[in-house]
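Below is one structure; the comments refer to it alone.
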Amino acid sequence: MRFETIAAQAAHQADPATGAVAPPIYLSTTFERDADGEYPRGFVYSRSDNPNRRALEECLAILEGGEPNDAVATAFASGSAATAAVFQALSPGDHVIAPDDCYHGTARMLREILAPWGLRTTFVDMTDPETVRREIQPETRIIWTETPSNPLLKIADIAEMASIARSAGALCVCDNTWATPMLQRPLTLGADLVVHSTTKYISGHEDVTGGVVVSAQDDAFVQRIRLIQNVAGAVPSPFDCWLTLRGIRTLHVRMPVHSANAGRVARFLQDHPRVAAVHYPGLPGHPGHDIAARQMTDFGGMLSFQVVGGQNAAMRVAARVRLFVRATSLGGTQSLIEHRASIEGPDSKTPDDLLRVSVGLENADDLIDDLGQALE
Ligand code: PLP
């Protein structure tokens, strides 16, 4: 099956009880046990498993792993809970290598929650494989990649990172939130695990928070992640799973429009005299363009740009937009713009003249007109 067919149909079946084509939402927290004590229908308690979550996990495993595959998807209540489960599956004393510009929530989790718990992290420029190689320690268990990165859209070479991880006896994990499996399939490039905030493009409509870990195969590490899902219990509700799966059904239709619109907006900004820099891997001048062109099928809907005149000028542009919504997050139908450094807080390393843009599904000319008048 090709990607579009998987997105539209995988893990779908008409409801056996009623023939309903849209899947029912199974709100029940508990499931009946037979007189002999068995659970022949396979469900016991909704934190452990439920039909909506199972369908979502099956679909995500096929989306990331292709078909046929041995991939296992484990769904969580947020992308951050999925990220936390991967790190919690390690042991105190283990070491992680992570990008110096990864999602600031991931960096905070490593610094403020996992470091006191005994996990050590080295943050590096992951666009430079030599630096990553140099930072490997005997205890290195994970090379965490996020590509394109948030918010500078730096590109890491996933196959190279996976190969460095393999030779160090570590796992390569890729946060694939910004690219989605439509544009980038890290497992096929050698990564061991993929993490998503499904809050973003996968659900696609700014109306549900979720996350997932997809692993290439069912092994002891994955079983530990599934244990954390069940026992620690940061699980998505049945309705969350239902909404996320509904979003997936149009992922392949949305992503090409996000990418085409972002490409148009990036080219417009690149030529604008009030714009100091544009970060979009689809631009041939972007330092990661060649790697992105090799490992992605398109360049996605996220970009950031720096405004001539510093923070105040950037804030003014954000204040003047009419069509873009001033809000954090990304991946929905509406275009969003945000001054990133002020949302990341005082320890942010993001340039203070930078605006991050999630390019939505509107007409690209309307978006360009809006940015044009805001930059005047
Ligand atoms: N990973 C990336 C790349 C993100 O951009 C985000 C959120 O913006 C997350 C993880 C965290 O996801 P969530 O907000 O669903 O916890």
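List the number of the failed condition for Gly211; all other conditions in (1) more than 30 Å from Ala168 (Cα to Cα); (2) within 16 Å of the ligand (Cβ to nearest atom) hold. Single failed check for Gly211: (1). Val86 passes every criterion in (1) under 22 Å from the mean Cα position of the chain (by Cα); (2) of a type in the set (Val, Ile, Thr); (3) away from the ligand (no atom under 13 Å from the Cβ) apart from (3). If I filter the range 289-310 for residues that are open to solvent by less than 10 Å² (accessible area, probe 1.4 Å) and farther than 29 Å from Cys174 by Cβ, do I get at least one hit? Yes; the residues of the range 289-310 include at least one that is open to solvent by less than 10 Å² (accessible area, probe 1.4 Å) and farther than 29 Å from Cys174 by Cβ.
Scanning the range 280-325 for residues being in a strand (DSSP E or B), among the hydrophobic types (A, V, I, L, M, F, W, C) and away from the ligand (no atom under 16 Å from the Cβ) gives a total of 2. Within the range 57-79, the set of residues being part of a loop (DSSP other than H, G, I, E, B) and either over 16 Å from Ser237 (Cα atoms) or over 16 Å from the mean Cα position of the chain (by Cα) (or both) comprises Gly66, Glu67, Pro68, Asn69, Asp70, Ala71.
Among residues of the range 158-169 being open to solvent by less than 10 Å² (accessible area, probe 1.4 Å) and free of Cβ contacts under 8 Å to residues at least 40 places away in the same chain, the one that is farthest from the ligand (Cβ to nearest atom) is Ile164.
Scanning the range 326-341 for residues that are open to solvent by less than 20 Å² (accessible area, probe 1.4 Å), more than 11 Å from the ligand (Cβ to nearest atom) and free of Cβ contacts under 8 Å to residues at least 24 places away in the same chain yields a single hit, Ile337. Quick one: Gly233 ticks every box in (1) crowded, with 22+ Cβ neighbours inside 10 Å; (2) closer than 18 Å to Arg47 by Cα bar one, so which box is it? It fails just one condition, (1).
Ala75 meets the conditions (1) within 25 Å of Met1 (Cβ to Cβ); (2) open to solvent by 20 Å² or more (accessible area, probe 1.4 Å); (3) within 14 Å of the ligand (Cβ to nearest atom) in every case but one. The failed one is (2).
So which residues in the range 342-366 are modelled with pLDDT of 95 or more and either more than 15 Å from Ser304 (Cβ to Cβ) or open to solvent by 30 Å² or more (accessible area, probe 1.4 Å) (or both), if there are any at all? Selection gives Pro351, Asp352, Gly360, Leu361, Glu362, Asn363, Ala364, Asp365, Asp366. Taken together, Phe268, Phe221, Phe239 contain a single residue that is outside any strand (DSSP E or B) and not assigned by TED's automatic domain parsing to the domain that holds Thr180, which is Phe268. The residue pairs whose first member lies in the range 72-83 and is closer than 16 Å to Ala61 by Cα and of a type in the set (Gly, Ala, Ser), whose second member is part of a strand (DSSP E or B) and more than 8 Å from the ligand (Cβ to nearest atom), and whose beta carbons are closer than 7 Å, counting only pairs six or more residues apart or on different chains, are Ala73/Val212; Ala73/Val214; Ala75/Val212; Ala82/Phe76; Ala82/Val212; Ala82/Val213.
Please work out if Ala77 is in contact with a Pro (Cβ under 7 Å, 6 or more places away or on another chain) and at negative phi.
Working: in contact with a Pro (Cβ under 7 Å, 6 or more places away or on another chain): yes; at negative phi: yes.
In short, yes.
Do you know which of the residues in the range 122-152 that are free of Cβ contacts under 8 Å to residues at least 40 places away in the same chain and in a strand (DSSP E or B) is farthest from Ser329 (Cα to Cα)? Once the filter is applied, the top-ranked residue is Thr122.
Go through Ser48, Ser80 for me and flag whichever is among the small types (Gly, Ala, Ser), in the same structural domain as Asn150 (by TED's automatic domain parsing), under 22 Å from Val214 (Cα atoms) and away from the ligand (no atom under 15 Å from the Cβ).
Matching residue, one of Ser48, Ser80: Ser48.
For Ala107, the test of being in a helix (DSSP H, G or I), in contact (Cβ under 8 Å) with a residue 24 or more places away in the chain and more than 20 Å from Gly190 (Cβ to Cβ) is failed.
The condition (being within 16 Å of the ligand (Cβ to nearest atom) and either open to solvent by less than 10 Å² (accessible area, probe 1.4 Å) or out of contact with any Ser or Thr (no Cβ under 7 Å at 6 or more places or on another chain) (or both)) is satisfied by just one residue among Thr121, Thr131: Thr121.
One line per residue, one yes/no per condition, for (1) modelled with pLDDT under 95; (2) open to solvent by less than 10 Å² (accessible area, probe 1.4 Å); (3) away from the ligand (no atom under 14 Å from the Cβ):
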{"site": "Cys172", "(1), (2), (3)": "no, yes, yes"}
{"site": "Gln184", "(1), (2), (3)": "no, yes, no"}
{"site": "Leu187", "(1), (2), (3)": "no, no, yes"}
{"site": "Gly190", "(1), (2), (3)": "no, no, yes"}
{"site": "Val194", "(1), (2), (3)": "no, yes, no"}
{"site": "Ser197", "(1), (2), (3)": "no, no, no"}
{"site": "Ser215", "(1), (2), (3)": "no, yes, yes"}
{"site": "Arg224", "(1), (2), (3)": "no, no, yes"}
{"site": "Asp240", "(1), (2), (3)": "no, no, no"}
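Between Arg54, Arg33, Arg41, the distinction of being open to solvent by 20 Å² or more (accessible area, probe 1.4 Å) and in a helix (DSSP H, G or I) belongs to Arg54 only.
The values are calculated or read from the model by the stated rules, or taken from the named source; none is laboratory data. These figures come from a predicted structure and were not determined experimentally. Glycine also receives a Cβ, built like all others from the backbone with ideal geometry; neighbour counts cover every protein chain displayed. Note: accessible area is taken over every heavy atom of the protein model, side chains too, but ligands, DNA and RNA are not part of it. Shrake-Rupley method; radii C 1.70, N 1.55, O 1.52, S 1.80 Å.
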